[in-house]
1. Can you tell me, using C-alpha contacts under 8 Å and at least 6 residues apart, the relative contact order of the stretch 5-63 as a whole percent?
2. I need 97, 4 ordered by Cβ neighbour count within 10 Å, fewest first.
3. Once you have all Cα-Cα distances for the stretch 5-63, histogram them in 5 Å bins from zero and send the whole-percent values.
4. So what does log10 I(q)/I(0) come out to for the stretch 43-130 at q = 0.14, 0.17, 0.20 Å⁻¹, using the Debye formula with one equal point on every Cα and no solvent?
5. Label-point separation (nm) for residue 58 and residue 14, each offset 7 Å from Cα along Cα-to-Cβ?
6. Simple spin-label model, 7 Å along Cα-to-Cβ: residue 30 to residue 3 in nm?
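Where a number appears in this text, it was derived from the coordinates with a stated rule and is not lab data. Because the structure is predicted, anything quoted here is derived from the model rather than measured. When we count neighbours, we look across all protein chains shown, and the Cβ atoms used for this are built from the backbone with ideal geometry, even at glycine.
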Amino acid sequence: MHRTPSGDRRQALQKEARELARDARALQKAARAPAARQEAQRLQGEAEMALAEAGALKLQARLEDLTLWEMKKVKRSRNGSKTYSYWMASWREGGKTRNVHLGSARKMDGEAARRKAGEMKAGGWGRACDLHDLKTIFESNYAGNETSRSRRSE
C-alpha cells in the first residue's frame, strides 16, 4: 500500500497502543498498591481504544490508496494535430491493477477526478462492505480539501 494520511495515522495509533500496553504490563507486574493496578487498567483501556481506532482506519487507508494522473493523447489529421487530455486512476483490486478512465481534464479538475475515482473504488467494494459508509469516509476526507482550495482561488 502507498502512504496515505489515514495509513500514517493508523501506524501512529498502533505504535501508541503497543507502548501503552507495554507500560500497562510493566506497571501490572510491579503493582503492589490498588492505585497502581487501577493505573495499569486505565493504560490497558487506552491501548485497546487506540487499537480499535487503528482498525477502523484500515479501510479508510485502503480507500485513499489510489493513483491519479492526467493522460494526454495526440490526434493527427490532415489539418494538423490536436492534444486531448483526460484523467485516469488506478488501484489494486484483487491481485490486479485496475485502470479507470474518469473523464475530460477540461470538464473536471484534479480534486473532482480524485473524488470520482474514490466513489468508483468504493462502488467496487460495495459487495464486500457498506457502500454508503465508504463514500462517507472518502467524502469527509476530501471535502475539506476542496473548500480550502476554492477559498484560495477566490
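1. On the way: 55 pairs, mean separation 31.3, N = 59.
Relative contact order for the stretch 5-63 comes out at 53 percent.
2. Values: 97 10, 4 18.
Lowest count first: 97, 4.
3. 4, 23, 23, 16, 12, 9, 7, 4, 1, 0
4. Debye output, listed in q order: -0.64, -0.80, -0.95.
5. Modelled inter-label distance: 0.9 nm.
6. Between residue 30 and residue 3, the simple spin-label model gives 3.5 nm.
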